[in-house]
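To keep things clear, I will list the structure first and then write my remarks on it.
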Amino acid sequence: MNSRERITRILAGEKADRCGFWLGNPHPDSWAGLHDYFGTSTEEELRLLLKDDFRWICPWNAYQHPEGKPVFDMQRPGKTLSEGGVFADTINIDEVESFNWPQPEYLDFTGYKETLENAGDFYRAGGLWSPFFHEACDIFGMENYFLKMYTHPEVVHAVTQHLIDYYLAANRLCFEECGDLIDGFFFGNDFGSQHDILVSPALFTEFIYPYFRKLTELGKEYHKQIILHSCGSIFRVMNDLIALGVDAFHPLQAKAADMDADTLKQHFSGKVAFIGAIDTQDLLVNGSPDDVIKEVNRIKSVLGPSVVISPSHEALLPDVPPRNIEAMAKAVAGK
Amino acid sequence: MERLLFDLSIAIERGKENETSPYPPDLKGKPGAYEFTSRLLEMNCPPDTILKQGMMPGMDRIGKKFADGIVFIPEILIAAKAMKAAMTLLKPYFDNGAVLRKGKVIIGTVAGDLHDIGKNIVCMVLEGAGWEVFDLGVDVTKEKFLASLNEHPESIICMSALLTTTMREMEKSVTTIKQAFPQTKIYLGGAPLTSDFADKIGADGYFPDPHSLSKHLTGNL
Ligand code: B12
């Protein structure tokens, strides 16, 4: 069974020869230390060494505006999410309509297709990242976005509709051109904090689900497995998200409220697959390789076989000792 | 007057800013925190009473509901917005000393860390509980904390960190501050932290949410 078959089966809830492994997508500051420890020089070399089954291949550079404009020209002065973007003070839909929204015709997937063609027998998680919730946070400013859900719901809907329209058109083009080469539609939005979901279930129902559903439906239309990335505690909305079409959740932030493996098994086992679960807030940072091996084995027995072992945040930070990553990878294949 | 103070607390808890604000829908066209405060002032209600018996109970109730997982971030933001609108009317009384705050708090997200929503909510809840808050923003170095403490030496310090990498930065900041100001209380919060960690690095406490910190601070007065 090759990696591609293995992960496809795991995410489909079918039997595989072992559980899967994804190294994640280490933070840029972490690579030098990793290469140094493992004696590798390229990302792919390290993934092969660690028997990584999963490749996250995202068309980050497909949007090629003739004047080099970004996809969404948020016009944010600072770098934190609470900083207001172009719609920070918008209370009028006309302003939303007259914004320079992205044009799908500027998308070019030629380079993306080539990368996919050379991806080998690994599971390909792709499509556009499509983080419409985060982008709404950026374009309003996170606090403004949440406030406007109450004070100016029509403005929030108008903006979200534009964001999602772009992602629907762009992903459709992507799947039309490269669909056969992609196995899972992997998209992301951080819906949770350490303790709970960021907005109430009622606001999820009004401002998130209707748009979210369109993305999952598009993925299903092209026969993609639906993988949702969300950090934080999303326990309260996981059943809804499963009903809306999610096949697998990533990264299962082990220490966030109700996101531990036992709770997930108790509530969602058999309904959905899991990618992640190896804690990056304490275990991988402060634990010993033995601790890591024990935990990987525990997760395998609790969530297996429908689990792809991976860090509980893909952007592994430089404070994770490479020996713990080695231990995590080795424990996946072990008994 | 009692009744108006209670109405003010409800307006804040429910995020009803003023008469024209569209939220909450069931209070459309009704007076909000701003109008209740201005009526109370017209009736010569002492501004200190308005703050302590009108505004603070409203923020306290919503803060507790947030800590208990009954309401979420938007609800606390909108309550804070209503509080802020009403507070503009009290500003002259803060300036002339007719209303006294409980004390000063300097707060920031530590160096290298950009996460700020949590820290902002801590600011709102503490302001709502009657503290004067100096928000140093994100990516705050130990030098910046010290400079602010030099300006307001009687302050309490609050630090937020959301990353394991920046927790280490916290340790350095706590050590530096405690060396220069051994009496200053330092409290910590943020996703990856624990009480053990706060003890280990010599801080005075960890709190999982702003409401529990606020209760602790008030208890210490
Ligand atoms: C939203 C978010 C972001 C946003 C930040 C938005 C913003 N302006 O704050 C963005 C997208 C920018 C971001 C970036 C990154 N993030 Co981030 N992020 C989150 C997420 C999903 C939610 C954080 C949040 O806003 N919560 C909502 C608020 C209300 O909650 P809170 O911050 O916990 O605060 C509450 C309490 O903790 C407490 N509190 C907070 N501070 C204080 C202080 C005191 C004194 C007290 C008493 C209480 C207190 O009160 C608040 C209200 O109750 C968390 C997940 C999580 N588990 O927290 C990841 C998370 C923190 N991020 C993570 C990572 C890895 C990153 C990045 C490195 C990713 C990358 N690819 O680069 C960058 C780092 C950027 C930087 N240099 O800071 C990881 C950290 C893992 C680790 N090893 O520590 C987390 C835990 C996700 C995960 N799956 O593991 N992130």
Qualifying positions in region B:206-220 - hydrophobic (A, V, I, L, M, F, W, C) and near the ligand (Cβ under 9 Å from one of its atoms)
B:F207, B:L213
Only residues in region A:217-231 that are of a type in the set (A, V, I, L, M) count as the first member; pair them with residues that are more than 15 Å from the ligand (Cβ to nearest atom) and open to solvent by 10 Å² or more (accessible area, probe 1.4 Å), Cβ under 6 angstrom, at least 6 apart or cross-chain, and list the lot.
A:L218/A:L168; A:I226/A:G245; A:I226/A:D247
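Residues checked against (1) farther than 22 Å from B:H211 by Cβ; (2) of a type outside the set (F, W, Y); (3) within 16 Å of the ligand (Cβ to nearest atom); (4) surrounded by fewer than 18 Cβ atoms within 10 Å (Cβ to Cβ):
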{"site": "B:G32", "(1), (2), (3), (4)": "yes, yes, no, no"}
{"site": "B:F36", "(1), (2), (3), (4)": "yes, no, no, no"}
{"site": "B:N44", "(1), (2), (3), (4)": "yes, yes, no, yes"}
{"site": "B:A67", "(1), (2), (3), (4)": "no, yes, yes, no"}
{"site": "B:I76", "(1), (2), (3), (4)": "no, yes, yes, no"}
{"site": "B:A82", "(1), (2), (3), (4)": "no, yes, no, no"}
Need the failing condition index for B:L90 against (1) assigned to a helix (DSSP H, G or I); (2) of a type outside the set (F, W, Y); (3) surrounded by fewer than 22 Cβ atoms within 10 Å (Cβ to Cβ); (4) assigned by TED's automatic domain parsing to the domain that holds B:T175, just the number.
(4)
Mind telling me which of the residues A:P251, A:P210 ends up being open to solvent by less than 10 Å² (accessible area, probe 1.4 Å), of a type outside the set (D, E) and out of contact with any Leu (no Cβ under 8 Å at 6 or more places or on another chain)?
A:P251
In region A:280-311, which residues are within 14 Å of another protein chain (Cβ to nearest Cβ) and buried (at least 24 other Cβ atoms within 10 Å of the Cβ)?
A:T280, A:L284, A:P311
Any residue in region A:18-29 that's assigned to a helix (DSSP H, G or I) and open to solvent by 60 Å² or more (accessible area, probe 1.4 Å): show its pairings with residues that are more than 9 Å from the ligand (Cβ to nearest atom) and not basic (K, R) at Cβ separation under 7 Å, as long as the two are six or more apart or on different chains.
A:D29/A:P318
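To keep it simple, each residue is scored yes or no on (1) out of contact with any Ser or Thr (no Cβ under 7 Å at 6 or more places or on another chain); (2) under 14 Å from A:G188 (Cα atoms); (3) away from chain B (no Cβ under 14 Å).
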position: A:S230; (1), (2), (3): yes, yes, yes
position: A:I234; (1), (2), (3): yes, yes, no
position: A:K265; (1), (2), (3): yes, no, yes
position: A:G270; (1), (2), (3): yes, no, yes
Looking at the structure I just gave you, is B:A191 open to solvent by 10 Å² or more (accessible area, probe 1.4 Å), within 12 Å of the ligand (Cβ to nearest atom) and either away from chain A (no Cβ under 14 Å) or out of contact with any Asp or Glu (no Cβ under 6 Å at 6 or more places or on another chain) (or both)?
yes
Taking the condition under 24 Å from A:G141 (Cα atoms), within 16 Å of the ligand (Cβ to nearest atom) and polar (S, T, N, Q), does A:S82 pass?
yes
Give the residue, chosen from B:V122, B:V133, that is within 12 Å of the chain's Cα centre (by Cα) and within 8 Å of the ligand (Cβ to nearest atom).
B:V122
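The values are calculated or read from the model by the stated rules, or taken from the named source; none is laboratory data. Remember, predicted model here, so these are calculated numbers, not experimental data. Reconstructed Cβ throughout: ideal geometry from the backbone, glycine too, with neighbour counts over all protein chains shown. Surface accessibility is based on the protein's heavy atoms, side chains included, excluding ligands, DNA and RNA. Shrake-Rupley method; radii C 1.70, N 1.55, O 1.52, S 1.80 Å.
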